[in-house]
1. Can you tell me which residues in region A:44-64 are closer than 19 Å to A:Ala3 by Cα and either of a type in the set (D, E, K, R) or out of contact with any Gly (no Cβ under 7 Å at 6 or more places or on another chain) (or both)?
2. Restricting region A:269-285 to residues that are farther than 21 Å from A:Glu383 by Cβ and more than 13 Å from RNA strand B (Cβ to nearest atom), which is least open to solvent (accessible area, probe 1.4 Å)?
3. Looking at region A:64-88 only, could you name the residues that are over 13 Å from A:Ala237 (Cα atoms) and buried (at least 21 other Cβ atoms within 10 Å of the Cβ)?
4. Can you name the condition, by its number, that A:Val38 falls short on among (1) part of a strand (DSSP E or B); (2) open to solvent by 50 Å² or more (accessible area, probe 1.4 Å)?
5. For A:Thr465, are the conditions met, namely being in a strand (DSSP E or B) and farther than 16 Å from A:Leu405 by Cβ?
6. Only residues in region A:387-406 that are within 12 Å of RNA strand B (Cβ to nearest atom) count as the first member; pair them with residues that are part of a strand (DSSP E or B), Cβ under 6 angstrom, at least 6 apart or cross-chain, and list the lot.
7. For the structure I just gave you, tell me whether A:Val614 is over 42 Å from the mean Cα position of the chain (by Cα), open to solvent by less than 50 Å² (accessible area, probe 1.4 Å) and within 9 Å of RNA strand B (Cβ to nearest atom).
8. For region A:196-215, how many residues meet the condition of being farther than 18 Å from A:Ala26 by Cβ, open to solvent by less than 40 Å² (accessible area, probe 1.4 Å) and part of a strand (DSSP E or B)?
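The values are calculated or read from the model by the stated rules, or taken from the named source; none is laboratory data. Owing to the predicted nature of the structure, the values given are computational and were not obtained by experimental measurement. Note: ideal-geometry Cβ built from the backbone for every residue, glycine included; neighbour counts use all protein chains shown. Accessible surface areas use protein heavy atoms only, side chains included; no ligands, DNA or RNA. Shrake-Rupley method; radii C 1.70, N 1.55, O 1.52, S 1.80 Å.
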Amino acid sequence: MSAITVRLPDGSTKELDGDVSAGALARSIGSGLARAAVAAVVNGTEVDLSAELADGAEVSIVTAATPAGRDVIRHSTAHVLAQAVLRLWPGARYAIGPAIEDGFYYDFELPGGAHFSDDDLVRIDAAMREIIAEDQSFVRSEQSIDDALGVFVDQPFKREIIEAVRDGADEHDAAQSEDADRAISAYANGADFIDLCRGPHVPSTGRLGHFKLTRVAGAYWRGDEKRPQLQRIYGTAWESTKALAEYLNRLEQAERRDHRKLGAELDLFSFPEEIGPGLAIFHPKGGLLRKIIEDYSRQRHLDAGYQFVTSPHITKRELFDTSGHLVWFAEGMYPPMVLDEGQEYYLKPMNCPFHMLIFKSRQRSYRDMPQRYFEFGSVYRYERSGVVHGLTRVRGMTMDDAHLLCRRDQMHGELTRTLEFVLDMLRAFGLSEFYLELSTRPEGKAVGTDAEWREAESTLREVATASGLGLQDDPGGGAFYGPKISVQARDAIGRTHQLSTVQLDFQTPQRFDVAYIGADNGRHRPIMIHRALFGSVERFLAILLEHYAGNLPTWLMPEQFRVLPVRDDHHEYAAHVAAQLHQRGLRGTLDEASEPLGGRIRKAKLDKLPYVLVVGDDDVAHGTVGVNRRGGSDPERGVAVRALADEMDAQVAAHGAPETAAD
RNA sequence: GCCCGGGUAGCUCAAUGGCAGAGCACCCGCCUUGUAAGCGGGCGAUAGGGGUUCGACUCCCCUCCUGGGCUCCA
């Protein structure tokens with residue numbers, strides 16, 4: 001075997017003689033790298049460490065503690081999971097087992113239609129650890145389509161995948177099918193297990209072990225409800241015990257921020273069984289929080305030239321026939337009420353049809369344009385029973401909904417304005433990291449002409465690009481009536497949430513036959529922009545709660561201060577302090593000295609009060625308060641009431657940055 | 001809708017098929033408190049319905065509610 005020379009990422013070269021595998025390269029560079037290596041990238045393609053390198057190749061080593069390395073570990077762990085399940089359930093069929101964000105899953109069909117239970121996870125976990133202890137090698141093989149079909153003769157899901165590769169039906173596999181031999185690759189480890197797989201994998205199962213099976217779930221084959229439902233097992237896997245522990249800790253942190261938990265702890269809202277799933281009631285503090293959010297939003301909309309409108313919660317079916325909702329959105333709507341000799345009334349799932357009627361309520365001139373209608377409109381959607389989730393997926397919600405009708409020549413400007421307005425408002429609530437998504441024409445189920453779509457999409461793209469934010473494409477993700485930009489916001493623990501959407505619609509104005517009179521005295525069709533900023537008030541509130549871990553900035557906090565008199569003979573002064581702050585427009589209460597100060601302070605802290613104010617003898621004598629600030633180290637004694645009020649005013653005016661402390 | 005969990009007091013949790021308990025909250029007393037839990041007492045529950053059993057929180061069936069999952073592509 002002759003020596004070869006390969007090029008490394010830093011531009012240097014390395015000579016190999018004899019063993020010319022990627023693993024040998026790693027070893028020749030250093031033992032630390034060799035230990036960390038899980039795969040390699042050769043000329044841009046991921047390969048196993050056992051892959052032989054060609055002379056002149058550009059090679060980089062994939063190490064465990066990197067995104068690509070973790071994918072390899074997770075994918076390999078998924079194989080071990082499947083191997084364990086097949087050991088425990090002979091005759092089980094296995095479908096797919098990819099690496100996903102933070103983990104992996106594998107889908108199975110068990111013999112006799114059996115289902116996994118949580119107890120099974122323990123057994124499977126044990127079997128996996130045996131396989132890992134056996135340190136089996138992952139051995140790659142390549143074969144023709146026909147041979148592969150033979151290998152997986154008893155595995156209908158694998159056969160379906162192979163056939164999809166053969167037929168080139170699977171879009172993603174198109175690149176693979178361009179390979180000259182159209183070979184199918186598979187990995188075997190041990191004598192009893194082989195799985196269809198592109199790879200790469202770790203060299204052997206002994207490289208794995210920092211994993212945890214997390215839950216079992218049902219999942220439809222290829223995500224299609226009409227196909228068989230499979231049994232899915234989820235797990236997470238990492239490069240080290242430490243990384244695994246950190247991840248599990250992160251999950252706990254997220255759990256502590258869960259808005260459903262915080263909503264109960266802070267007495268904001270609840271979901272009484274008596275009302276039904278996905279239908280919340282807001283308690284006084286939650287109601288006040290909503291009012292604060294909504295009032296601020298209203299003021300901003302007023303300043304930005306929006307007009308306030310209101311529409312009813314139910315309407316005759318004809319309105320939704322006209323709008324197309326009963327064709328396109330019927331499954332998301334509650335069934336109708338039949339009133340007045342057969343007249344059907346529907347709860348509204350969206351506000352736009354009503355706003356169209358407001359536009360139509362009189363003749364409009366080109367001079368009237370744009371019309372910007374805004375409404376906190378409560379809508380009801382019949383979400384499937386399995387998908388409701390806290391305040392983020394509900395059956396009744398209030399959208400901060402706007403519909404802008406403008407002339408074609410105003411479209412670009414209105415969109416730019418709208419996007420700026422949206423981002424500015426989100427920033428005011430303490431969200432600052434955004435990217436945009438552009439959802440384009442859904443193939444096959446779109447209305448409107450090609451020219452209209454081209455114009456709409458290119459306009460949205462220009463506007464999105466001009467914002468300077470990152471832009472991701474979401475091909476085919478638009479609504480049937482037009483494309484949209486959605487604003488994705490990153491929260492304090494790095495999760496992204498789709499918040500606002502700005503949607504172009506040339507269909508609805510046509511359906512309602514709305515028009516304005518142009519300067520040419522002719523009828524012209526306006527362009528419509530749908531815009532939800534918070535999405536829904538409920539969901540936005542939930543995202544804020546989780547973003548701030550309940551420590552809402554002072555301006556949003558329903559209770560901004562609480563005055564605690566040390567003894568009951570300080571009550572009068574405490575009431576005086578509270579009244580002074582109330583006069584400055586600050587919100588707060590007085591907690592009388594019926595129990596010891598320490599206990600009252602603790603309660604106020606658990607309620608996440610930004611300002612806990614203690615008044616005693618010294619304060620009565622000098623007109624001061626003791627200030628215990630949220631997140632502050634030591635309380636400050638002897639603060640003048642006026643100075644405190646000024647500080648709080650400033651804090652409110654600044655809106656404040658998120659306090660990312662865990663709690 | 002479907003798959004796997006769960007449902008005990010307002011909240012967080014106990015209780016081999018054999019007397020349903022605790023802490024917090026709430027109410028009543030006592031205590032008069034200076035920066036994260038003062039003391040005593042009281043009120044209060046097996047989600048709903050059916051079944052098995054001498055006996056059911058516990059086992060079975062149905063309903064309701066609830067948590068996780070159902071595009072993340074060998």
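1. Quick first cut of region A:44-64, residues closer than 19 Å to A:Ala3 by Cα only: A:49-60.
Scanning region A:44-64 gives A:Ala51, A:Glu52, A:Leu53, A:Ala54, A:Asp55, A:Gly56, A:Ala57, A:Glu58, A:Val59, A:Ser60.
2. Taking region A:269-285 as the starting set, the residues that turn out to be farther than 21 Å from A:Glu383 by Cβ are A:283-285.
The next check asks that each one be more than 13 Å from RNA strand B (Cβ to nearest atom); those that pass are A:284-285.
Values: A:Pro284: 111, A:Lys285: 67 Å².
If we take residues in region A:269-285 being farther than 21 Å from A:Glu383 by Cβ and more than 13 Å from RNA strand B (Cβ to nearest atom), then A:Lys285 is least open to solvent (accessible area, probe 1.4 Å).
3. A:Ala82, A:Gln83, A:Ala84, A:Val85
4. Going through (1) part of a strand (DSSP E or B); (2) open to solvent by 50 Å² or more (accessible area, probe 1.4 Å) one by one, A:Val38 breaks only (2).
5. Details: in a strand (DSSP E or B): no; farther than 16 Å from A:Leu405 by Cβ: yes.
Taking the combined requirement at face value, the residue does not satisfy it.
6. As it stands, the answer is A:Val387/A:Arg393; A:Gly396/A:Tyr380, since those pairs meet every condition given.
7. Working: over 42 Å from the mean Cα position of the chain (by Cα): no; open to solvent by less than 50 Å² (accessible area, probe 1.4 Å): yes; within 9 Å of RNA strand B (Cβ to nearest atom): yes.
Here the answer is no, as A:Val614 does not meet what is asked.
8. The number of residues fulfilling the criteria is 3.
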